[in-house]
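Written out below as structure tokens is the structure these notes cover.
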Amino acid sequence: MAHARPWYKRNGADLVMATLGFPSIEHRWAYSAIIDMLNDRDRPLADDPGFICGFTGLSKRKWKDVRAYLIAEGYLVELGDGTLTNPRFERERAERLADAERSAAAGRRGGLKSAAQRAAKQGQMEFISEKTEGFSGDNREINGRLSGDNPPLNEQEQRNSAISDQAPPQPSCARECASEARGERREEENITNGESEKHARTPIDRSGLLTLTQMCARTGGVTLHPERPQSFAREMDIVKAWVADGVDIEKTAVPVIAGALARMKDDDTVGSLKFFDGRVRKAHARTLGAGGEPAGPSAFDDAAARAAYLAKLNSGTPH
């Protein structure tokens with residue numbers, strides 16, 4: 001015999017009161033045994049006389065009378081798939097399944113939160129390890145340069161450092177990484193003054209776009225997922241398209257996102273900046289229709305316009 005629930009909470013007084021008017025002791029015993037079997041198996045029972053008579057001890061002729069009485073009085077319900085069940089059992093079973101689903105959902109949320117915290121902690125440790133590896137005492141890195149007697153980075157090392165900086169930071173240290181990226185970007189502009197434009201633009205492109213994306217995500221309550229590169233890249237592509245079309249992120253995109261979020265219900269959530277794309281573009285179109293000029297560069301590949309726009313943005317405190 002399969003036992004799905006070998007124990008269940010049984011209210012003896014309810015059963016006694018429910019069976020006071022039964023015609024005979026066989027009716028009461030059969031009904032009690034069926035309730036126990038329903039809870040033991042945690043599913044409707046097969047409407048098979050041989051099966052039910054086997055555990056109730058009734059003859060098939062007696063069970064036929066008992067069955068007709070229990071169904072007529074509403075104590076048992078005959079389902080279309082050839083099974084019998086009890087209304088109260090079905091209500092309690094539905095409540096158990098709902099509680100189990102809620103508990104499973106809470107467990108999944110807790111697991112995802114714990115995984116994110118572990119990933120963030122691991123990312124911080126790797127970040128610290130990468131920055132301090134090979135250095136001790138007074139030989140520490142300050143704003144991308146080494147103190148003490150260590151020589152400055154050569155051209156190849158600068159390019160390698162700029163490429164490694166393009167990896168998205170972990171969620172818990174995003175603000176610190178963005179701040180450091182701005183400091184490294186200004187330092188890189190000083191170091192690479194006079195070098196080729198390609199080498200000077202590499203950290204500005206990625207870091208500046210990352211800063212804009214984080215600003216919009218924080219305003220709109222959108223969670224960025226650096227551990228999922230495709231999802232993270234889609235969010236950055238949305239902001240990149242806004243900048244390419246000349247949208248002023250601080251004066252147009254951020255206020256529009258904040259306004260849309262304020263009009264939402266408390267239990268509503270936003271999963272992507274794509275939700276705000278139409279609103280931002282409409283607001284930008286109204287700005288142009290009123291005679292305004294695009295605040296950002298008209299083309300993202302315009303290095304001079306982009307550098308000027310990012311310099312203007314980084315001169316203030318990001319939202």
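The values are calculated or read from the model by the stated rules, or taken from the named source; none is laboratory data. Owing to the predicted nature of the structure, the values given are computational and were not obtained by experimental measurement. Reconstructed Cβ throughout: ideal geometry from the backbone, glycine too, with neighbour counts over all protein chains shown.
Here is the figure for the range 210-232: residues that are in contact with a helix residue (DSSP H, G or I) (Cβ under 8 Å, 6 or more places away or on another chain) and surrounded by fewer than 19 Cβ atoms within 10 Å (Cβ to Cβ) total 5. Tell me which residues, restricted to the range 76-106, are small (Gly, Ala, Ser) and either touching an Asp or Glu at 6+ places or on another chain (Cβ under 9 Å) or assigned to a helix (DSSP H, G or I) (or both). Hits for the range 76-106 are 82, 94, 98, 100, 103, 104, 105, 106.
The set of residues in the range 221-249 that are on the phi < 0 side of the Ramachandran plot, under 13 Å from the mean Cα position of the chain (by Cα) and not hydrophobic (A, V, I, L, M, F, W, C) comprises 223, 225, 226, 227, 228, 231.
Of the residues making up the range 260-280, those that are over 20 Å from the mean Cα position of the chain (by Cα) and in contact (Cβ under 8 Å) with a residue 12 or more places away in the chain are 260, 277, 279, 280.
Let's see how each residue does on (1) in the same structural domain as residue 47 (by TED's automatic domain parsing); (2) modelled with pLDDT of 85 or more:
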{"position": "81", "(1), (2)": "yes, yes"}
{"position": "107", "(1), (2)": "no, yes"}
{"position": "111", "(1), (2)": "no, yes"}
{"position": "119", "(1), (2)": "no, no"}
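Can you find a residue that is more than 30 Å from residue 225 (Cβ to Cβ) and within 34 Å of the chain's Cα centre (by Cα) anywhere in the range 108-120? For the range 108-120, residues more than 30 Å from residue 225 (Cβ to Cβ) and within 34 Å of the chain's Cα centre (by Cα): absent.
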